Amino acid sequence: MKASIRNASLVSLAAGTAVMLAACATDSGSASEASGGPRIGVLLPATATPRWETQDRPLLEREIKDRCADCTVEADNAKGDVLTQQQQMESMISKGVDAILLVAVDARSLAPSVGKADEAGIPVIAYDRLAEGPVSGFVSFDGEEVGRLQGRALLTAMGGKVPGARIVMMNGDPSDPNAVLFKRGALSVLDGKVEIRKSYDTLQWRPEVANQNMNGAVSALGVDGIDGVYAANDGLAAGSISALKANKVAPLPPVTGQDAELGAVRRIVGGEQYMTVYKPFGPEAAAGAAMAVAAARGEPLGRTAGGEVTTRGGGRVPAVMLRPVSVTVGNIDSTVVRDGVYTVHQICTPALKAACAAAGLT
């Protein structure tokens, strides 16, 4: 998938959000409101990655209600199953919701469902990953930049072993357009500087699959044959680290991650994971909510978008693309703690007391 994106910043997001707040306050004559207010479907992809239920769902529900008090949010989670999400889409269409915010389990498989929604006059906003089919808008982070951040961090962590460092790549699900972008961004940094000894795609982003693959990698390469691990997200990092430890690989090679899960932040403090990529959930949810409310009210989505993206079908749709942030032990306090994602108390378990003190977190 090729994505051509105009620059969109948090400043434009704030401006767009302000416009939407004003619009929600002043527009009271829509047919949807007359019948009890707009209904917005929120379809999440999985529970294996904690962020969808612990961060995105509550944030989206709150942000939508903040912008549109009489809106009703109908949320569901496909738990990693394509058929389930297709059925959930059919249900939303049958109910006649006014807009759908969709995080597709499988972008290609959901394309017919997106088409059915479009035929029914229901706009679909692709959230976090670009679904195929006639979507009306897109909200996410720059996927290739996520991969570049991961790749740069891995090179830094391996230091003197570069060039020629030997790495294993634990990529995401190839059916997820984001996974393709992450890998592309990482390779743009790593190619020519490291030896990629093993590379795996991980269906449904399952940590247990990453664990199995890493066990195989260690068996094939030896306990001294891996200088670094590119893990596309924190779940894959956790599965990989568990396998490395079980195989008595010591010291652990640097491992990347993404999503700033609490477990990952703790592993970073404890020295088991080198970094994660923090994608501030609040701004993403705010942008998604603003676009969903605008779509449900039949308003132009360009008001909330600072750019556009090219879909797989070649069309251009309004988009908000946000900036990801690399998190290592040195900037936990100024990122996820400062933004209120986690408190120091949540991060610094008794077992991490000394490590937290060393990191300046206590």
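The values are calculated or read from the model by the stated rules, or taken from the named source; none is laboratory data. All of these numbers come straight from a predicted model, not from anything done at the bench. Heads up, the Cβs are rebuilt from the backbone with ideal geometry, glycines too, and the neighbour counts pull from every protein chain shown.
For the range 299-332, a residue qualifies if it is out of contact with any helix residue (DSSP H, G or I) (no Cβ under 8 Å at 6 or more places or on another chain) and of a type in the set (D, E), and exactly one does: E308. Considering only the range 280-289, I want to know if a residue exists there that is surrounded by fewer than 23 Cβ atoms within 10 Å (Cβ to Cβ) and among the charged types (D, E, K, R). Checked the range 280-289: no residue is surrounded by fewer than 23 Cβ atoms within 10 Å (Cβ to Cβ) and among the charged types (D, E, K, R). M291 passes every criterion in (1) aliphatic (A, V, I, L, M); (2) outside the structural domain of R62 (by TED's automatic domain parsing); (3) at pLDDT 95 or above; (4) within 30 Å of C68 (Cβ to Cβ) apart from (2). Which members of the range 195-246 meet the condition of being within 26 Å of the chain's Cα centre (by Cα) and among the β-branched types (V, I, T)? Hits for the range 195-246 are I196, T202, V209, V229, I241.
Of the residues in the range 37-60, at least one is in contact with a Cys (Cβ under 8 Å, 6 or more places away or on another chain) and closer than 16 Å to A126 by Cβ.
Screening the candidates V269, V329, V320 for the property of being touching a residue at least 60 places away in the same chain (Cβ under 8 Å) and crowded, with 23+ Cβ neighbours inside 10 Å yields one hit, V320. Kindly indicate whether G257 is assigned to a loop (DSSP other than H, G, I, E, B) and under 17 Å from the mean Cα position of the chain (by Cα). Yes: the conditions hold for G257.
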